Amino acid sequence: MTIRLQLLLLSVPLTAAGNLIAGRFALEGFTPAEANALRYLLALAVLVPFMGRWPRPVRSDLPWLAVTGVLGICVYNVLFYEALTLIPASEAGLIEMIIPVASLILAWLVLRERVSTRQFAGIAVGWFGIVWLMQILPPDAAAAQSAGDWRGEVLMTIAVLIFAVYGITSKLAMRRLPPTSVAAWGCLFGTVPLVLLAAPSLLAHPEHLANAPLASWLGVVYGGLIGFVYNIIAWYYCFTHIGVARTNVYLYLVPVLGAAFAVPIFGESLSVWQLLGAAVTLVGVVVATAERPSRTLLSRTRLRKAVPAQNRE
């Protein structure tokens, strides 16, 4: 794996973590439906002028592009924000860590990607680190949930499974089209229903646009340009080079980086135990994604060691 690809892989969870912070600011001035519609409209405005330069989809591509956009951009976001109204963010973040595991299994079943024992071990270590980092349902979070009400958990679980399927449909859409084209067309198909969902609120309360603070608008701009346009194209590009399963393992870094951002920005603090949990998560990512030296390289190295020094000259 090249240095460039490694940096690109790291930029995916980095910008996704920044998107969590931006989303928190965006929701200070907009409803979830409004914030989502505005940021994807902005993303679409950036992508549409370039669509003519990329290969156009043929009729057989359209179903995959439509499913990709509707699932990943519309349905996932709607379910995610609805779940956040029912369960604590800490629990939602924990459930979201099902994505790498679900992606690994789906990539193996649908895309026939090779999955090693080492990858499963790395994911298990990463999962343990995330549970440790988030300290599963602290007392105040548990008290905020109604007894016996599992709607939030069910919605969040469905959301993350849909996101895992979204990764698979994206890869299938990229069999003929480049990542940029899939991102643009997926954004188009997903933004239309989001705008329809947000339209009643914006029409009834147009003052939301004028009264929203600057921080909320900056959150929308970041979410549209960096959180989606850059992030999704980089994510798709990594799909085409190392596969869905290995790329999505890096999603374990999102809560780690999000916590790191929240400390200076929101004045939050992390305990020593949480820092250790973050370290364990990083170890899991390294174990799951590290490449073994190829057999050819190993053979050459062994052969070189076996030849006496004077015979090499």
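The values are calculated or read from the model by the stated rules, or taken from the named source; none is laboratory data. Just so you know, these numbers come straight off a predicted model, no measurement behind them. Cβ placement follows ideal geometry from the backbone for every residue including glycine, while neighbour counts extend to all protein chains displayed. When the accessible area is computed, the model is the full protein with side chains, heavy atoms only, and any ligands, DNA or RNA have been set aside. Shrake-Rupley method; radii C 1.70, N 1.55, O 1.52, S 1.80 Å.
Tell me which residues, restricted to segment 209-224, are surrounded by fewer than 18 Cβ atoms within 10 Å (Cβ to Cβ) and either free of Cβ contacts under 8 Å to residues at least 24 places away in the same chain or in contact with a Leu (Cβ under 8 Å, 6 or more places away or on another chain) (or both).
L209, A210, L214, V221
Kindly list the number of the only condition in (1) open to solvent by less than 60 Å² (accessible area, probe 1.4 Å); (2) touching a helix residue (DSSP H, G or I) at 6+ places or on another chain (Cβ under 8 Å) that fails for L197.
Tallying (1) open to solvent by less than 60 Å² (accessible area, probe 1.4 Å); (2) touching a helix residue (DSSP H, G or I) at 6+ places or on another chain (Cβ under 8 Å), L197 fails exactly one: (1).
Please list, ordered by first then second residue, the pairs with beta carbon atoms under 7 Å, 6 or more apart or interchain, first in segment 49-61 and of a type in the set (D, E, K, R), second open to solvent by 60 Å² or more (accessible area, probe 1.4 Å).
Between residues of segment 49-61 that are of a type in the set (D, E, K, R) and residues that are open to solvent by 60 Å² or more (accessible area, probe 1.4 Å), the close pairs are D61/R176.
Tell me, which residue of segment 74-100 that is modelled with pLDDT under 70, over 22 Å from L197 (Cβ atoms) and among the β-branched types (V, I, T) is most open to solvent (accessible area, probe 1.4 Å)?
I98
State whether one or more residues within segment 19-39 are in contact with a Lys or Arg (Cβ under 8 Å, 6 or more places away or on another chain) and either in contact (Cβ under 8 Å) with a residue 40 or more places away in the chain or farther than 26 Å from I158 by Cα (or both).
The answer is yes, given that some residue of segment 19-39 is in contact with a Lys or Arg (Cβ under 8 Å, 6 or more places away or on another chain) and either in contact (Cβ under 8 Å) with a residue 40 or more places away in the chain or farther than 26 Å from I158 by Cα (or both).
What are the residues in segment 3-18 that are farther than 15 Å from L257 by Cβ and without any contact (Cβ under 8 Å) to a residue 60 or more places away in the chain, if any?
Going through segment 3-18, the residues farther than 15 Å from L257 by Cβ turn out to be 3-6, 8.
The answer is I3, R4, Q6.
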